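The values are calculated or read from the model by the stated rules, or taken from the named source; none is laboratory data. If you're wondering where the values come from, they're calculated on a predicted model, not measured in any experiment. Positions of Cβ are generated from backbone atoms using ideal geometry, with glycine treated the same way; all protein chains shown enter the neighbour counts.
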C-alpha cells in the first residue's frame, strides 16, 4: 500500500522492573533518516531500534524517543562494608569493656547490627538489562506497525487526492488541444491587423505572404508534442500510483516533467484561451507536487 512519510505513534508499557513510553514522529525526507533518543545502559538497543524501522520504512525523517523509569516496586538491601566493620569493632570493644567492669552483656543479633544507622541501605533494584531489552523490543514492533498503519492511511488519502488532480490535468490537456486547434483564425486576424497597421492599408496585405507567415507561426507555436507528453505523463503517474513499491522519488521527477511541458505550452500559447489553460495546468501541477512531497 502507498505510504505517506508523515505519521505519529506512541506506546506505553511496563515489565522487567521498569515502565516506559515510546514515541515516534515521521515527516518527509529525501531518504530514511533516523534520529534516536534512548537511555544509556542497554547494550544493543539502538542498533535493534534502527533495524526495526529500516525493515518497514524506506523514506522519511523519523525521530524515536524512549523514556524509561523504574516501576518503584523492586527494592534491594545493600551493606555498607566500611560502616559495618566500624560497627563490629565498636560492639566488640563495648563487650570487652563491659566484661572488664564486671557487667553482663547479652549477645547482639544480626538484625540488631543491621538496624544500626548506615550499616544497610535500601536502593531501587536495577532491572535486568537483557530482560528489559526484550520487553522493550517486543513493544517496539507494535510501535513500528502503528506508525506504518498511520502512514498507510495518510498515503491512501494522498493517492485519492492525486488521482483527482491527475484527472484535472488530463482534462486541461484536452482543453489545450482543442484551444490550439481553434486558434488559427485568431492568429490570422491578429497578423492581418498588424500588417495593415504597419502598411496603413488593408488591401496591401498579400494573401500568399499572409499564408506563409501563418505557416511559420503555426510551426513555432505547435503544442501537439507538449500535449501528447502531458497525456503520457498522466498515464505514467497513474501507473506509479498502482505500483506497490515506494515511488515518491519517481513521482517527484515526473512532476518536474509535467511542469516543463506546461511552461513550454504557455510560452507557445499565442491565444488567450490557450494561455489560460496553460496557467490552469501549472496551478494543478503545483498542487500535485505539494502532495507528492509526502509520498514515500
inquiry  = So, in segment 35-78, exactly how many residues are at pLDDT below 80 and surrounded by 13 or more Cβ atoms within 10 Å (Cβ to Cβ)?
reply    = 3
remark   = When restricted to 273, 280, 239, 262, the only residue part of a helix (DSSP H, G or I), free of Cβ contacts under 8 Å to residues at least 24 places away in the same chain and either within 15 Å of residue 176 (Cα to Cα) or in the same structural domain as residue 182 (by TED's automatic domain parsing) (or both) is 239
ask   = Which ranges mark the helices (runs of 4 or more DSSP H) fully within segment 1-117 that have 1 or more residues being out of contact with any strand residue (DSSP E or B) (no Cβ under 6 Å at 6 or more places or on another chain) and within 30 Å of residue 161 (Cβ to Cβ)?
value = 45-54
